[in-house]
Amino acid sequence: MTLKNILIAADHGGFELKKDIKNFVFNNHNINWIDLGTHSNESVDYPEYGFKMAEAIKNGDAEQGIIICGTGIGISIAANRYSHIRAALCTNAEMAKLTREHNNANVLALGARIISKETALECVQTFLGTEFEGGRHQRRVNKLGGQSHA
Ligand code: RB5
């Protein structure tokens, strides 16, 4: 994997998995990461972390990010409120591969209470290691709009 800058954010439901991703994926690869929080198990509101991710990508802090909440649903809905975000909620590595190849997803969403830690780590490695295929998929992604910050 070439050097990448990656953003990561989670609510309290994803706090432990966020630590695991930093320890077992980011630290073992050539990855500079920026942790947008949350930084404890204390209860917080997932929209804030989905929005933080979207704003950080808009600011150019990195091109890709990982977001985590209990199900992955709430935080992905939040991030996808922004037109430049294509956040994909994935439950296995095949989905993580295909959403990079076909959707050029710029954010991977995970549900820490839905999938195992091992599956989540596989999803992250696959997502970060897979390139967009372009071609016919570019036309479809263009139709989604919101390309200016992607
Ligand atoms: C928090 O309890 C939980 O609602 C949140 O992590 C997420 O699953 C929402 O979609």
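The values are calculated or read from the model by the stated rules, or taken from the named source; none is laboratory data. Just so you know, these numbers come straight off a predicted model, no measurement behind them. A quick note on method: Cβ atoms are made from the backbone with ideal geometry, for glycine too, and the neighbour counts reach across all protein chains shown. Accessible surface is based on the protein model in full, side chains and every heavy atom, while ligands, DNA and RNA are left aside. Shrake-Rupley method; radii C 1.70, N 1.55, O 1.52, S 1.80 Å.
Can you name the residue in the stretch 110-127 that is open to solvent by less than 40 Å² (accessible area, probe 1.4 Å) and touching a Phe, Trp or Tyr at 6+ places or on another chain (Cβ under 9 Å) and is also nearest to the ligand (Cβ to nearest atom) among such residues? Steps first, please.
The initial filter retains those residues of the stretch 110-127 that are open to solvent by less than 40 Å² (accessible area, probe 1.4 Å), namely 110-112, 115, 119-121, 123-124, 126-127.
If we keep only those that are touching a Phe, Trp or Tyr at 6+ places or on another chain (Cβ under 9 Å) too, we end up with 112, 121, 124.
Details: A112: 8, L121: 19, V124: 18 Å.
Residue satisfying both the conditions and the ranking: A112.
Inside the stretch 1-27, can you point out the residues that are β-branched (V, I, T) and open to solvent by 40 Å² or more (accessible area, probe 1.4 Å)?
Hit for the stretch 1-27 is T2, nothing else.
Among the candidates G60, G37, which residue alone is away from the ligand (no atom under 16 Å from the Cβ) and either under 17 Å from A120 (Cβ atoms) or among the small types (G, A, S) (or both)? First the steps, then the outcome.
Details: G37 fails: away from the ligand (no atom under 16 Å from the Cβ).
Unique residue meeting the criteria: G60.
What are the pairs with Cβ atoms under 7 angstrom where one residue, in the stretch 1-30, is under 17 Å from T71 (Cβ atoms) and the other, located anywhere, is in a helix (DSSP H, G or I) and aromatic (F, W, Y)? Sequence gap at least six, or different chains.
A9/Y49; A10/Y49; D11/Y46; D11/Y49
Say whether the condition of being β-branched (V, I, T) and over 12 Å from H84 (Cα atoms) is met by at least one residue in the stretch 99-111.
Yes: the stretch 99-111 contains one or more residues that are β-branched (V, I, T) and over 12 Å from H84 (Cα atoms).
Please enumerate the residues belonging to the stretch 28-46 that are assigned to a helix (DSSP H, G or I) and surrounded by 16 or more Cβ atoms within 10 Å (Cβ to Cβ). Working first, answer last.
So the first thing to find is which residues in the stretch 28-46 are assigned to a helix (DSSP H, G or I), and the list is 28, 46.
Residue satisfying the conditions is Y46 alone.
Residues are listed down the side, and each one gets a yes or a no for (1) within 13 Å of the ligand (Cβ to nearest atom); (2) at negative phi; (3) outside any helix (DSSP H, G or I):
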site	(1), (2), (3)
A9	yes, yes, yes
K19	no, yes, no
E48	yes, yes, no
A54	no, yes, no
G65	no, yes, yes
A78	yes, yes, no
R81	no, yes, yes
T99	no, yes, no
L108	no, yes, yes
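Which ones in the stretch 83-93 are within 18 Å of A56 (Cβ to Cβ) and part of a strand (DSSP E or B)?
So in the stretch 83-93, the residues within 18 Å of A56 (Cβ to Cβ) come out as 83-88.
Matches in the stretch 83-93: A87, A88.
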